[in-house]
Amino acid sequence: MTDPTPHERAHAQDLATFVEASPSSYHAAHEVARRLEAAGFERLDETAAWPSAGGSGGDGPAGGRYVVVRDGAVIAWAVPAGATATTPFAILGAHTDSPGFKLKPRPSVGREGWWQAGVEVYGGPLLNSWLDRELELAGRLVTVDGEEHLVRTGPLLRIPQLAIHLDRAANDGLALDKQQHTQPVWGLASASGPAGSDAAGAPHGTSGGDVLVELAHHAGVRASEIAGYDVVVADTQPPRVFGAHGAFLASGRLDNLLSVHAGLVALLEVAGTPDRPVEGDAIPVLAAFDHEEIGSESRSGASGPFLADVLDRVAAGLGATDEERHRQLAASLCVSSDVGHSVHPNYPERHDPANRPLAGGGPILKINANQRYTTDAHGAAAWARACARAGVPSQEFVSKNTVPCGSTIGPLTATRLGIRTVDVGVPILSMHSARELTAVVDPWYLSRAVVEVFRG
């Protein structure tokens with residue numbers, strides 16, 4: 001084993017910074033847009049007219065780099081100066097949400113002198129991994145004037161595990177009731193709260209354990225002004241590189257901020273600057289959707305119209321006719337990137353006997369006979385060419401026949417748009433844990449392959 005290279009270490013550190021800035025899907029979309037705008041991308045409003053995408057088929061200036069945010073999803077793209085109405089798209093699809101917990105309506109609960117937050121399970125988290133961790137609330141508040149406010153509390157909550165003295169069989173099989181055993185504590189009724197004020201302007205400590213007052217304090221608004229919220233629970237432990245030769249990166253939310261970050265890094269690399277043209281002969285697109293962990297059926301999920309809406313408007317900016325639009329999509333490629341399973345040394349029997357991807361061995365190509373992953377022969381060949389051009393190793397993943405696999409945004413995108421789609425990812429351990437594990441080298445490898453996809 002060799003030490004990770006400076007490029008690989010720097011990428012892992014930037015991924016860690018990105019994850020720390022993204023405790024919720026709304027923060028992740030904001031962070032993607034913030035970084036792109038800092039690099040010269042133009043932020044577009046869906047309710048406003050968009051400029052011509054430029055290129056030889058449009059009326060506007062040659063080229064253009066744009067980003068648009070819809071709730072917790074974000075799509076960004078760069079139009080080469082020579083683009084025409086049939087220039088294909090090269091898309092990296094990922095998702096911004098992670099499994100965990102979401103704040104319920106009337107979230108201020110408690111018993112036996114403890115303040116608790118009422119939460120609902122979001123997606124399919126490994127529940128036991130969330131026990132005995134310092135957690136925060138993060139997401140968005142919408143005030144009565146319709147304004148949206150990002151909010152995060154920092155370390156505030158904990159889901160305490162029952163001591164073994166009170167459950168002698170805990171090590172023989174821990175069973176958590178999703179309602180009874182997952183409500184986090186965040187204060188004591190007998191203690192004073194932090195500084196701040198509640199809806200009536202009273203000292204925050206007299207709010208009686210009101211979660212919305214706490215959130216309002218951190219957002220800089222009054223609790224009485226909150227008309228709606230989408231708030232999740234997030235782990236606050238910072239990502240960390242460790243292990244022999246610094247081989248591992250442990251972090252929350254690698255599923256799937258790892259892929260979002262790889263796509264962002266790749267897009268910034270190929271998108272050019274006002275003084276440097278977009279690289280390649282395709283229109284590179286980063287599409288990071290929300291709600292993948294709960295089925296993608298929302299206006300900002302992959303089953304919704306967001307990507308189709310954006311691609312339609314880009315094509316219109318290039319002056320595409322219906323005929324040219326169909327030709328454009330037929331020539332396009334979508335790479336759906338999500339984390340996958342590395343072979344687990346303690347549970348080797350759970351993996352296919354012949355296909356055993358290992359963390360550190362490069363990105364994986366996901367294959368499933370029942371199209372839970374949408375990879376086909378042409379998609380596999382396109383991915384192999386990208387990895388070869390990037391000079392990175394690649395592996396294949398297929399589930400053991402007795403262990404059904406999950407799915408991704410890949411089949412949804414292929415079904416909605418008819419674009420050839422291939423499912424890929426990075427092999428990790430502890431998927432859906434509050435803290436997942438990847439090899440330091442693999443996120444960098446993934447970003448290198450995506451650069452080649454974006455170049456067309």
Considering residues of the stretch 394-412 that are in contact with a Leu (Cβ under 9 Å, 6 or more places away or on another chain) and of a type in the set (S, T, N, Q) only, the residue farthest from Tyr445 (Cα to Cα): Gln395
Which numbered condition Ala331 misses (of (1) more than 25 Å from His261 (Cα to Cα); (2) touching a Ser or Thr at 6+ places or on another chain (Cβ under 6 Å)): (2)
Yes/no for Ala384 being in contact with a Leu (Cβ under 9 Å, 6 or more places away or on another chain) and modelled with pLDDT of 95 or more: yes
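So which of Gly93, Gly63 ends up being crowded, with 17+ Cβ neighbours inside 10 Å and modelled with pLDDT under 95?
One residue alone meets the criteria, Gly63.
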Residues (touching a residue at least 24 places away in the same chain (Cβ under 8 Å) and open to solvent by 40 Å² or more (accessible area, probe 1.4 Å)) located in the stretch 241-258: Val241, Ala244, His245, Phe248
Scope the stretch 124-141; condition in contact with a Pro (Cβ under 9 Å, 6 or more places away or on another chain) and open to solvent by less than 30 Å² (accessible area, probe 1.4 Å); matching residues: Pro125, Trp130, Leu131, Leu135, Glu136, Leu137, Ala138, Gly139
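A quick yes/no check of all residues on (1) among the charged types (D, E, K, R); (2) within 19 Å of Thr374 (Cβ to Cβ); (3) in contact with a Cys (Cβ under 6 Å, 6 or more places away or on another chain); (4) open to solvent by 10 Å² or more (accessible area, probe 1.4 Å):
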{"site": "Asp290", "(1), (2), (3), (4)": "yes, no, no, no"}
{"site": "Ile294", "(1), (2), (3), (4)": "no, no, no, yes"}
{"site": "Phe306", "(1), (2), (3), (4)": "no, yes, no, no"}
{"site": "Arg313", "(1), (2), (3), (4)": "yes, no, no, yes"}
{"site": "Glu323", "(1), (2), (3), (4)": "yes, no, no, yes"}
{"site": "Arg327", "(1), (2), (3), (4)": "yes, no, no, yes"}
{"site": "Val343", "(1), (2), (3), (4)": "no, no, no, yes"}
Residue pairs meeting the criteria (Cβ under 8 Å; at least 6 apart or on separate chains; first at pLDDT 95 or above, in the stretch 209-227; second aromatic (Phe, Trp, Tyr)): Val211/Trp186; Leu212/Tyr229; Glu214/Trp186; Leu215/Tyr229
Index of the failed condition, Ala28 passing every other in (1) closer than 19 Å to Ala244 by Cα; (2) in contact (Cβ under 8 Å) with a residue 24 or more places away in the chain: (1)
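I'd like to check something: does the stretch 369-377 contain any residue that is crowded, with 22+ Cβ neighbours inside 10 Å and under 18 Å from Pro88 (Cβ atoms)?
Yes, there is a match, as at least one residue in the stretch 369-377 is crowded, with 22+ Cβ neighbours inside 10 Å and under 18 Å from Pro88 (Cβ atoms).
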Near pairs, Cβ below 7 angstrom, 6+ apart or cross-chain, from the stretch 259-279 (open to solvent by less than 10 Å² (accessible area, probe 1.4 Å)) to any residue that is at pLDDT 90 or above and basic (Lys, Arg): Leu264/Arg35; Val270/Arg455; Ala271/Arg65
Test set (1) outside any loop (DSSP other than H, G, I, E, B); (2) within 19 Å of Pro23 (Cα to Cα) - Trp115 fails condition number: (2)
Near pairs, Cβ below 7 angstrom, 6+ apart or cross-chain, from the stretch 167-192 (among the basic types (Lys, Arg)) to any residue that is surrounded by 10 or more Cβ atoms within 10 Å (Cβ to Cβ): Lys178/Val121
Looking only at the stretch 411-430, and only at residues there that are closer than 21 Å to Leu92 by Cα and in contact with an Asp or Glu (Cβ under 6 Å, 6 or more places away or on another chain), the one that is surrounded by the fewest Cβ atoms within 10 Å (Cβ to Cβ): Ile428
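The values are calculated or read from the model by the stated rules, or taken from the named source; none is laboratory data. Keep in mind that what you see is a predicted model, and the values were worked out from it rather than measured. With ideal geometry, Cβ positions are generated from the backbone for all residues, glycine too; neighbour counts draw on all protein chains shown. Keep in mind that these areas ignore ligands, DNA and RNA; they rest on the heavy atoms of the full protein, side chains included. Shrake-Rupley method; radii C 1.70, N 1.55, O 1.52, S 1.80 Å.
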